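Supplied in structure tokens, the structure appears directly below.
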Amino acid sequence: MDIDQIFNNNEKWVQQKIAENAFFFDELNKGQFPDYLYIGCSDSRVAAEEIMGLAPGELFVHRNIANMVVGIDLNGMSVIKYAIDHLKVKHVIVCGHYQCGGIKAAMISQDMGILNPWLRNIRDVYRLHKEELNAIISEDDRYDRLVELNVQEQCINLIKTAEVQRAYKERGLLVHGWVFNMKTGKLKDLKIDFGHVIKNIREIYRID
Ligand code: CO
């Protein structure tokens, strides 16, 4: 596709939005009040708002390779801080996806240059769940399972943060772990037991 086509598409989109609601852009201009923070993979096939059926203004988004929540990643941590303490989102979603290139790369033991420290966080997830993963014979199934376990661990990383622990106590903020299946288009809820996780990890990670 020619890059100029994007501006034609944009013009069509503007006209379509105005036709649906004459005040659409006036409303957008007033500010954002999203209920959800979405932390997902940068993968071009996972169109966050589109698969969730949400409109502009309804989803605060952070994306990186393999939907990671890394405690010393200033970018990600700033997004979490702003979304929870300032925008007061009600839900935080970590959304992984099957066929994730970042997860695949972490499963291969080789030097990936500047990607190494990032992938090492995923390799840590593998190490934590090595027994379960190594017991899975099919490589495809093991790959799928690591995608799920990675989402679970990133939810735990979220729950370690002061922002999440405080907002959970004060106003019932919830953390959700999902996986997008691009073969079917469906979202799978991993049903992370938030209350159980927070109880379990507070012995070590509590901040109040
Ligand atoms: Co991915």
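Run V61 past the list (1) within 16 Å of the ligand (Cβ to nearest atom); (2) crowded, with 18+ Cβ neighbours inside 10 Å; (3) under 18 Å from L174 (Cα atoms) and report the number of the one that doesn't hold.
(2)
Given the options I18, I6, name the one that is touching a helix residue (DSSP H, G or I) at 6+ places or on another chain (Cβ under 7 Å) and either assigned to a strand (DSSP E or B) or more than 30 Å from E148 (Cβ to Cβ) (or both).
Exactly one of I18, I6 is touching a helix residue (DSSP H, G or I) at 6+ places or on another chain (Cβ under 7 Å) and either assigned to a strand (DSSP E or B) or more than 30 Å from E148 (Cβ to Cβ) (or both), namely I18.
On the basis of being more than 22 Å from V175 (Cα to Cα), assigned by TED's automatic domain parsing to the domain that holds A162 and without any contact (Cβ under 8 Å) to a residue 24 or more places away in the chain, does S78 make the cut?
So S78 fails the test.
Tell me, yes or no, whether segment 7-14 has at least one residue that is over 27 Å from H129 (Cα atoms) and open to solvent by less than 30 Å² (accessible area, probe 1.4 Å).
no
Does segment 25-38 contain any residue that is within 20 Å of D189 (Cβ to Cβ), away from the ligand (no atom under 16 Å from the Cβ), of a type outside the set (A, V, I, L, M) and not in a loop (DSSP other than H, G, I, E, B)?
yes
A further question follows. Can you work out which of the residues in segment 72-81 that are under 14 Å from the mean Cα position of the chain (by Cα) and β-branched (V, I, T) is farthest from the ligand (Cβ to nearest atom)?
For segment 72-81, the residue satisfying everything is I80.
Further question: Condition first: open to solvent by less than 60 Å² (accessible area, probe 1.4 Å), farther than 13 Å from V179 by Cβ and part of a loop (DSSP other than H, G, I, E, B). Can you find one or more residues in segment 113-130 that meet it?
Yes, segment 113-130 contains at least one residue that is open to solvent by less than 60 Å² (accessible area, probe 1.4 Å), farther than 13 Å from V179 by Cβ and part of a loop (DSSP other than H, G, I, E, B).
Out of (1) touching a Phe, Trp or Tyr at 6+ places or on another chain (Cβ under 6 Å); (2) modelled with pLDDT under 95, the odd one out for A48 is which?
(2) is the only condition that A48 fails.
I'd like the residue in segment 42-58 that is touching a residue at least 12 places away in the same chain (Cβ under 8 Å), open to solvent by 60 Å² or more (accessible area, probe 1.4 Å) and farther than 25 Å from D26 by Cα and, out of all such residues, is farthest from the ligand (Cβ to nearest atom).
R45
Still on this structure, please answer the following. Of the numbered conditions (1) assigned to a helix (DSSP H, G or I); (2) touching a His at 6+ places or on another chain (Cβ under 6 Å), R142 fails exactly one; give the number of that condition.
(2)
Specify the residue that is farthest from the ligand (Cβ to nearest atom); the eligible residues are those in segment 98-114 that are free of Cβ contacts under 8 Å to residues at least 40 places away in the same chain and closer than 12 Å to A66 by Cβ.
M107
Checking the structure you have, find out if any residue of segment 82-91 is assigned by TED's automatic domain parsing to the domain that holds L146, within 16 Å of the ligand (Cβ to nearest atom) and modelled with pLDDT of 95 or more.
No: zero hits.
Give me the pairs: first residue in segment 173-184 and closer than 12 Å to G40 by Cβ, second residue of a type in the set (D, E), beta-carbon distance under 6 Å, and six or more apart or on different chains, which are they?
W178/D189; V179/E148
The values are calculated or read from the model by the stated rules, or taken from the named source; none is laboratory data. All values reported here derive from a predicted model rather than from experimental measurement. Note: ideal-geometry Cβ built from the backbone for every residue, glycine included; neighbour counts use all protein chains shown. Protein only, heavy atoms only, side chains kept; ligands, DNA and RNA dropped before computing areas. Shrake-Rupley method; radii C 1.70, N 1.55, O 1.52, S 1.80 Å.
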